[in-house]
Amino acid sequence: MPNAATGDTFPRGKIAGVHAAPVHMDRDRTLDKVDALTGEAARAGARIVAYPESFLPGFPLWCLVQRPIDMHAHFQELYANAIELHGPHARRLGQIASKHRVWLSMGVTERSPVSMGTLYNTNLVFDPEGRLVNHHRKLVATWAERLVWGHGDGAGLRVVDTDAGKLG
């Protein structure tokens, strides 16, 4: 829509920042919740639906409040509920984006298919056709998060152009 004062054109569209709790450490039930919440946002007119970091399967809060020696069981549970980039749970996220015809930005804990035990704090962006258009691993986990997540790289450090604005 052109700005009357300058003549510049800017994108226009509703964006939903989801402020909800996942079903903590339950990947499948959280995906069901993502489907429902994304549908609600889409029905309200959102073109972009964004979830916080590690929404799927939940933020590892224990790393901020427990001694490292007491975290082993929690880490195993997080690892078991993390997703693989090309696995069925990532595909389901693409299906949710496609079903609701939205750009979906999802914070996940990603497990590596080639390195047993390595997890990443990852942002996945899907287009309204359900295609994965960006995969970004958090470059440096902060403070106690380093007990959980590995270092990312700059491979997905970019901005995605959408019909409702830039997403990154």
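Size of the dipole of the stretch 81-168 about the Cα centre, Lys and Arg at +1 and Asp and Glu at -1 on the beta carbon, nothing else charged, in debye to 20?
So the dipole magnitude of the stretch 81-168 works out to roughly 120 debye.
Report the longest stretch of the chain that contains none of the GluC sites (Glu not before Pro) sitting in a DSSP loop with at most 16 other Cβ atoms within 10 Å.
1-52
Place a +1 charge on the Cβ of each Lys and Arg in the stretch 106-150 and a -1 charge on the Cβ of each Asp and Glu, then give the dipole magnitude about the Cα centre in debye, rounded to the nearest 20.
Dipole of the stretch 106-150, to the nearest 20 debye: 160 debye.
Taking H as built 1.01 Å from N, whose amide H comes closer than 5 Å to the amide H of T118, not counting residues under 5 places away?
S112
Could you check the spin-label model distance between T6 and H151? Points 7 Å from the Cα along Cα→Cβ, value in nm.
Here the modelled spin labels are 3.8 nm apart.
Within the chain, what whole-number % of the accessible surface is contributed by carbon and sulfur, with the 1.4 Å probe and all protein chains included in the calculation?
Whole-percent figure for carbon plus sulfur exposure: 56.
For the stretch 132-146, take each phi angle, set θ = phi - 60°, evaluate the Karplus expression 6.51 cos²θ - 1.76 cosθ + 1.60, and give the result in whole Hz per residue in order, putting x for glycine and proline.
Once θ is set to phi - 60°, the couplings for the stretch 132-146 become 6, 10, 7, 9, 10, 8, 3, 5, 9, 5, 8, 5, 5, 4, 5 Hz.
How large is ³J(HN,Hα) for each residue in the stretch 92-99, as worked out from phi by the Karplus curve 6.51 cos²θ - 1.76 cosθ + 1.60 (θ = phi - 60°), to whole Hz, x for Gly and Pro?
Per-residue couplings from phi come out as 5, 4, x, 5, 5, 4, 5, 4 Hz.
With a ≥ b ≥ c taken as the square roots of the eigenvalues of the C-alpha gyration tensor of the stretch 1-113, please select rounded if a/c is under 1.5 and otherwise prolate if a/b is larger than b/c or oblate if it is not?
prolate
How large is ³J(HN,Hα), in whole Hz, for each residue of the stretch 161-168 in order, when computed from phi with the Karplus curve 6.51 cos²θ - 1.76 cosθ + 1.60 and θ = phi - 60°, using x for Gly and Pro?
7, 10, 6, 10, x, 7, 10, x
Per residue, how much accessible surface does the chain expose to a 1.4 Å probe? Answer in Å², no decimals.
Spelled out: the 1.4 Å probe surface of the chain, per residue, equals 54 Å².
Which of the listed residues, G94, V148, G165, is farthest toward the dipole's positive end in the chain, when Lys, Arg count +1 and Asp, Glu count -1 at the beta-carbon?
Checked the options; the winner is G165.
Charges only on Cβ, +1 for Lys and Arg, -1 for Asp and Glu: so what's the dipole of the chain about the Cα centre, in debye to the nearest 20?
So the magnitude is around 220 debye.
Long-range amide H contacts for T162: which residues qualify at under 5 Å (H placed 1.01 Å from N, peptide plane, sequence gap of 5 or more or a different chain)?
Answer set, sorted by chain and number: L167.
The values are calculated or read from the model by the stated rules, or taken from the named source; none is laboratory data. Note that the structure is predicted; figures quoted are calculated from it, not measured. Note: ideal-geometry Cβ built from the backbone for every residue, glycine included; neighbour counts use all protein chains shown. To get the accessible areas, we keep the full protein, side chains included, count just its heavy atoms, and leave off ligands, DNA and RNA. Shrake-Rupley method; radii C 1.70, N 1.55, O 1.52, S 1.80 Å.
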